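Q: Pasting a structure below so you can have a look.
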Amino acid sequence: MKFDHLHPADQICQIMKRIYDRKETTVSGGNLSIRDSEGHIWVSPSGGDKGNLQHDDVLEILPDGTVIGTKPASLETPIHQAILAARQDIKAVLHAHSPAAVALSIVHETPQTMLYPALANIAGKSALAVYGAPGSDTLAANVAKVFKEGCDVAILENHGLFIGSTRSMKHAFEVFDAIDFGIRTQLNTPVLCGHEPSLIREAQLKEYNERAQVPVMGTFAPDGVGNEEQLQREMMAMLCKRACQKEIFSATGGVISARVDGNSFLITPQGLDHAYADPDDMVLIQNGKCEEGKVPQFYAELFQKIYDKNPGIGGIVAANPPYAMCYAVSETDYDITLIPESYNILMSTKKFPFGSTFTKQDEIAEYLAVNRPVAIVENECYIIASPAVFKSFDRFEITEYSAKSVNMTIRGQKKIVNITEEQMKELSVRVKDRQKKLAEAERSRMESKIHKK
Ligand SMILES: [Zn+2]
């Protein structure tokens, strides 16, 4: 589905539902507008159920100011109009009171966008808009001033945030979602790690972006789709949506990959909005060549090395989940000794310096193994590998959920009691026993299969 081809009113209904479902606005606290190609402005209504807006609820404002609609326009419509008047290049405006945006707005701070490239590259410039009462001309002027000065994001003092997109409503949401993830990392790093997050510098980002290009590889025309490939495509599309729902991926942030066989693997394409992932979106890399007509994530080169080095690895996920990322923007180590699940399933983590996804590909491929599944790349991402892609996703959830638990204990001013050396030893013995039993069961299953033949 081409989202941008939907009617503006339908785009507003869909994105508003998405924001509400993502707990990034209250029922009353968000509004959206789109300027169409004829200069008409479409805007969400005042009040109503933001989780269930209907096409006819959306108002149309003609260039002469006439308002067409069945419901009253949002109280904040004048701010949307002021932004669109100040910046003729802006096509869509998003406003929300997400907990993260409000947290920044009540301390009068702007988002730290230089936490990691996936955020820095989408976030745009932001500034504070001076407080004004909702519905007042003062507030509309204060917000428009920020956009007039060239920013695409305004944090409104003691209110929420406005984002303007020069592309589309869908893009405005993608920016919003990425920024919301970033703010959570920004505000939780001091809680989890005891200090402000470390930021990348402009020069580092520039160098990173010069390298983060689609790998140069030949193309091939696929000759049909085998059953295993189809299964993996379906699994990846399902996991993309799940990762979005579970706040492991932002709308466009994150990479999923699954091995198909010894010579080929699938990877998500560049720019995919994970909530709309489809099995056919996935890009097949076979014998070092890319399925024609598709653009893989630039991680394809690194993942190829990981698969080549580790025949036991069948799936890889890379992402910036907001709580776990605190450890990637800090020198504090991620602690796996919390519960048997985190100890047994995450097993081992290792940090690599910023830029390692290009400069230390061989080292990352060398490190990652079935029993060393988690690589943390500073100020970039977590890379988690497993025998199957579903398992990598499971490990991502464990990684993020454990970081959330630590966050809760620190906020509650409690002291963590880690599992002891002795308990860890016992867990390791139990895991080995279980693995042995599973391997024996598998062997006897295979043998009985052969005998039946
Ligand atoms: Zn508001």
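Q: What's the angle, to the nearest 10 degrees (0 to 90), between helix 227-245's Cα axis and the longest principal axis of the chain?
A: The helix 227-245 is inclined about 50 degrees to the chain.
Q: In square angstrom, rounded to the nearest 10, how much accessible surface does T66 have for a 1.4 Å probe?
A: So the heavy atoms of T66 present about 60 Å² to solvent.
Q: Would you mind calculating the gained length between E149 and E207 on full extension (0.36 nm times residue separation, minus the Cα-Cα distance), in nm to one decimal?
A: Contour length minus the Cα-Cα distance gives 18.2 nm.
Q: With the full set of protein chains in place, find how many percent of the accessible area of the chain is carbon and sulfur; take the probe as 1.4 Å.
A: The computed percentage sits at 51.
Q: Step through the residues of region 271-278 one at a time and calculate ³J(HN,Hα) from phi using the Karplus curve (6.51 cos²θ - 1.76 cosθ + 1.60, θ = phi - 60°), rounding each to whole Hz and writing x for Gly and Pro.
A: x, 5, 8, 4, 5, 10, 4, 10
Q: Right, here's the next one. Multiply the residue gap between V214 and H451 by 0.36 nm, knock off their C-alpha separation, and tell me the result in nm, one decimal place.
A: Answer, rounded to one decimal: 80.4 nm.
Q: Same structure again: What is the spin-label model distance, in nm, from S28 to F3 if the labels are put 7 Å beyond Cα along the C-beta direction?
A: 2.8
Q: Rg(Cα) of region 85-224 divided by 2.2 N^0.38 Å?
A: 1.23
Q: Using a 1.4 angstrom probe with every protein chain in place, what is the largest-first accessible-area order of H195, H171, H5?
A: H5, H195, H171
Q: Any chance you could run the full-extension gain for E363 through L199? It's 0.36 nm times the residue separation minus the Cα-Cα distance, nm to one decimal.
A: 56.7 nm
Q: On to the next question. If I fit a long axis through the Cα atoms of helix 8-21 and take the longest principal axis of the Cα atoms of the chain, what angle between them do I get, 0 to 90°, rounded to 10?
A: 60
Q: Dipole size in debye (nearest 20) for the chain around its Cα centre, Lys and Arg Cβ +1, Asp and Glu Cβ -1?
A: Using only the charged Cβ atoms, the result is roughly 1280 debye.
Q: Quick one: which of K125/K148; K246/K305; K289/K309; K23/K351 span more than 20 angstrom between C-alpha atoms?
A: Values: K125/K148 12 Å; K246/K305 29 Å; K289/K309 18 Å; K23/K351 32 Å.
Going by Cα-Cα distance, K246/K305; K23/K351 fall outside the 20 Å limit.
Q: Suppose R0 equals 45 Å; then what is the FRET efficiency for N287 and K404 from their Cβ-Cβ distance, rounded to the nearest 0.05?
A: Numbers: r = 41 Å, r/R0 = 0.92.
Once rounded, the FRET efficiency stands at 0.65.
Q: Where does the Debye-calculated log10 I(q)/I(0) of the chain sit at q = 0.09 Å⁻¹, using only Cα point scatterers of equal weight, no solvent?
A: -0.64
Q: Related question: Specify which residue in the list V130, A9, L32 is farthest towards the positive end of the charge dipole of region 3-193, using unit charges on the beta carbon of Lys, Arg (+1) and Asp, Glu (-1), about the Cα centre.
A: The one lying farthest along the dipole's positive direction is V130.
Q: A further question on this structure: To two decimal places, what compactness ratio does region 3-193 give when its Cα radius of gyration is scaled by 2.2 N^0.38 Å? Present the calculation step by step, with values, prior to reporting the outcome.
A: On the way: Rg = 15.5 Å, N = 191, 2.2 N^0.38 = 16.2 Å.
Scaled against compact globular proteins, the figure is 0.96.
Q: Suppose only helical runs count, i.e. DSSP H with n ≥ 4. What mean residue ellipticity at 222 nm does that imply for the chain under -39500 (n - 2.57) per run, divided by all residues and rounded to the nearest 500 deg cm²/dmol?
A: Numbers: 14 runs with 184 residues, N = 453.
Value at 222 nm, helices only, nearest 500: -13000 deg cm²/dmol.
Q: In debye, nearest 20: dipole of region 326-453 around its Cα centre with unit charges on the Cβ of K, R (+) and D, E (-)?
A: It comes to approximately 720 debye.
Q: As an exercise, use a Förster radius of 35 Å and the Cβ-Cβ distance of I106 and D333 to find the FRET efficiency, rounded to the nearest 0.05.
A: Working: r = 31 Å, r/R0 = 0.90.
That pair, I106 with D333, gives E of 0.65.
Q: Right, here's the next one. Pick out, from A243, Y276, M217, the residue whose Cα sits farthest towards the positive end of the charge dipole of region 215-411, with +1 on the Cβ of Lys and Arg and -1 on the Cβ of Asp and Glu.
A: So the residue furthest toward the plus end is A243.
Q: To the nearest 10 square angstrom, what accessible area does E380 show with a 1.4 Å probe?
A: Near enough 10 Å² of accessible area.
Q: While we're here: What ³J(HN,Hα) values, in whole Hz, does the Karplus curve 6.51 cos²θ - 1.76 cosθ + 1.60 give for region 65-80 when θ = phi - 60°, with x put for Gly and Pro?
A: x, 5, 9, 10, x, 9, 10, x, 5, 4, 4, 8, 3, x, 5, 4
Q: Nothing charged except the Cβ atoms of Lys and Arg (+1) and of Asp and Glu (-1): what's the magnitude of the dipole of region 215-411 about its Cα centre? Round to the nearest 20 debye.
A: 400
The values are calculated or read from the model by the stated rules, or taken from the named source; none is laboratory data. From a predicted model like this one, the values you see are computed outputs, not experimental measurements. Virtual Cβ from ideal backbone geometry, glycine too; neighbours counted across all protein chains shown. For the accessible areas, the whole protein counts, side chains as well, though only heavy atoms, and no ligand, DNA or RNA atoms are used. Shrake-Rupley method; radii C 1.70, N 1.55, O 1.52, S 1.80 Å.
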